[in-house]
Structure formats: structure tokens, C-alpha cells
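So the structure is just underneath, and the comments pick up after that.
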Amino acid sequence: MAITASMVKELREMTGAGMMDCKKALNETNGDMDAAVEFLRKNGQAKAEKKASRIAAEGVARAAISADGKTACVIEVNSETDFVAKNETFTSFVEAVNRTALASDLQGGKDGEDIEALLATPFEGATVKEALVEKTATIGEKLSIRRFEKVSGDVAVSYIHGGGRIGVIVAANGASDDAAREALTNIAMQVAAMNPTYISRNDISAEELAKLQEITVDAALNDPASLPKPILNKLIDKAMNSSAWSDEDKAIYEEKKSNMNYLFNFLSKEAAAALAELAMADKDAIVSDKIFKGLADGRVSKQLKEICLLDQTYVKAEDGKQTVAKYLESVNKALTIAKVVRFEVGEGMEKKNEDFAAEVAAQMNA
């Protein structure tokens, strides 16, 4: 029986297997679609182990809510290509595994806690790991269950963004009615878009806050153009009365000092770097300056508003100013967020740089 391109396409859409694997399976089974699926499964088992070293940084995130609406679970399962990540066979498997994780006593974690325990969990007559090996063999790519995590409270919600690129779950206490659920779904959308690091400032340890302040101070000192004018002028005086600046930069300053706003457009990079070095050398005195302290505190506060969920501007705020905290308060003053989890597929992972067109051409030539 002649194997057509449409048959290969149909089998690939059914299984997610590679193009050449599908063509081979159809040739071996004389075009019988069901037999070709079985062929891929049987002959792919031995290949599954060989795929262990491959990079799987694509994939999907999926979320599920318990029947009582109080617990949510989000999972990330990786594949090698975006094509497989969109395949229904793959996504259905991910959803089934996530329901298994939700029903278990496992809590998971962002760093892959409890993954081995999840792999050993009974699943559709086998274990999750055995099912994963079968799916890897059938689809023809390395598949990896990277992480899952749960949240619980009086109410839990989920939100999936970008077809599964980002998965968010949120749990809260104090209310569980429809208004609370809708509000938390909006908050989950906020988390997906704005990616806060903390729920509130109270979640930041003293050590983390001190580190943030230190980084902010050093960043300001290393960017002399942004320093308050009185401090900048003192640094320039030191540069003008020393060898920190070249004669050319000193001349440029004398010519442009009447309009300080544009001075750094004309000074050399070396001159700006020299001012930064002078600022760092005089760090203690500058940090004790009230003007600089106000600048640094303002920058720290701005960063906290960006990384703390409750301090962020609510993305749907009609006035463009309402914070997430104020939004929640307007819905129900008793409503408090207990936990938030955000998974973005492939974050922090090395990704394979591939030319898909070249890969197809190479397969066809082979």
C-alpha cells in the first residue's frame, strides 16, 4: 500500500511521534493506522532510555482543582519540541498525571521535591514512571516530569496562560464565595503577567532586604549621572582637581557645565567610570548623606512594589493606581492570600537551539 503524506501527518497528530518514525511504522504495517500506533509503542520502548541525555525544555503547565474547591495542583512536564507540547496525546497525559498528583498526599515543590514518589505512584494499571516511559517511546522525544506543587485554603483557583506556557495556582482564606473565587482568578492572572517574588513585604527576610538595599546603593553609586546634584558636583570637583579625568574630559566639563543634564552625553566612558570609582571610594560618607538616603530608600521602595504581589498595581485597576491589596479589600476585607505558585515552562533550563527546517531536510535526505 502506498504511504501518503496525509497518512504520515495523521499518525503524527495521533501519537506525536517523529515524521520518519511514523513513515516507517506505516510502511511496516502496510498502512494500518491502529497497527502503526501499536508498532510505535512496541518498537519505541528500547529507544526511551537512549533519550535520557537529551534536552527537554519545551512542554506545558497544567492545573487542577479538588472537588471541594480548596486545593489546587500545578504541574510542569517537559518535551523536546513545541510541536509535541501542543499534541493532544501529550497534554492529556500531563492532565492525567496532575490529577494523580492532586489526589495523592504528596505536596511537591518548585525544585522538584516528591518527583520520585510521584513517579512510583499507581497510574492507569501501572505507575506514573512506566506510563512516562511508554509515552516517551511512542512520541519519540524525551519527556520529563519536572515539578508539581499544591496550595490549599478556604478556596483555591488556577489560571493557565499562553496555552500552557505559564501555570498559576492561588489559595486564600477568609472567604470562599463566587466573588472571592473571581477575585482570586484575577489575582492569578496578575501573577502570570507580573511574576511577583513575594506575596507581601512581610515575606522578605531581614537578610534578603539588607541585600536588596546593598545592591541598590552600589547600583546608584556606579551610575553617577543618576546621583543627586550636590553629591555629583562634589565628585566632579574631586575629578577636576586630580588625575582621575583626562585633560580632554576636563575641557568638556568646562564647556558643558552650564547644562549638566547633557554632560554625560559628551564625557568619555572612562570619565564616567572614574566618577563611579570616586563614589565607591567615598561610599560611607555618601550613604550617610540625607539626600542620598532618600534616593536609595525611594528606589528600594519602588523595587518592593514590583516584587511584592500585594504592593503591585492591580492590572485591571480603573484608576491605574489601585494596589492588589486594596483590590482584595474592596472584594472582602477578610480575604487573605495564603500561597501562590507560578510555573513558567522551561524557566532556568538550557534550551536546544535548532533549525527545524534543516532537521526536516536532513531526515528527508536520509
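If you take the charge dipole of segment 206-306 about its Cα centre, with +1 on Lys and Arg Cβ and -1 on Asp and Glu Cβ, which of Ser301, Phe266, Met240 is farthest toward its positive end? Farthest towards the positive pole: Ser301. Legend: ranking of residues Ile160, Ile291 from fewest to most surrounding C-beta atoms inside 10 Å; resulting order Ile291, Ile160.
Plainly put, segment 231-298 has a radius of gyration that is 0.99 times its Kirkwood radius, both from alpha-carbon atoms, as the Rg/Rh ratio. Only helical runs count toward this figure. For the chain, summing -39,500 (n - 2.57) over DSSP H runs of n ≥ 4 and dividing by all residues gives -15500 deg cm²/dmol at 222 nm. Taking every Cα-Cα distance in segment 289-343 and sorting them into 10 Å bins from zero, the calculated P(r) comes out as 21, 38, 27, 12, 1 percent. When Val331, Val170 are sorted by how many other C-beta atoms sit within 10 angstrom of their C-beta, beginning with the fewest, the order is Val331, Val170.
By the Stokes-Einstein formula, at 0.890 mPa s and 25 °C, segment 119-215 with its Kirkwood radius over alpha-carbon pairs has D equal to 145 µm²/s. Working note: Cα atoms of the chain, range along each principal axis, descending, whole Å: 88, 59, 37.
Other residues with beta-carbon under 14 Å from the beta-carbon of Arg99 carry, at +1 per Lys or Arg and -1 per Asp or Glu, a net charge of 0.
Which angle between 0 and 90 degrees, to the nearest 10, do you get for helix 206-221 versus the longest principal axis of the chain when only C-alpha atoms count? On a 0 to 90 degree scale, this one is about 60.
Ranking Ala117, Thr89, Ser66 by how far each Cα lies toward the positive end of the dipole of the chain (charges on Cβ) leaves Ser66 at the top.
Each reported figure results from applying straightforward, stated rules to the coordinates on display, with no laboratory input. Since the model is a prediction, treat every value here as computed from it, not as a measurement. Cβ coordinates were reconstructed from backbone atoms using ideal geometry, including for glycine residues, and neighbour counts include every protein chain displayed.
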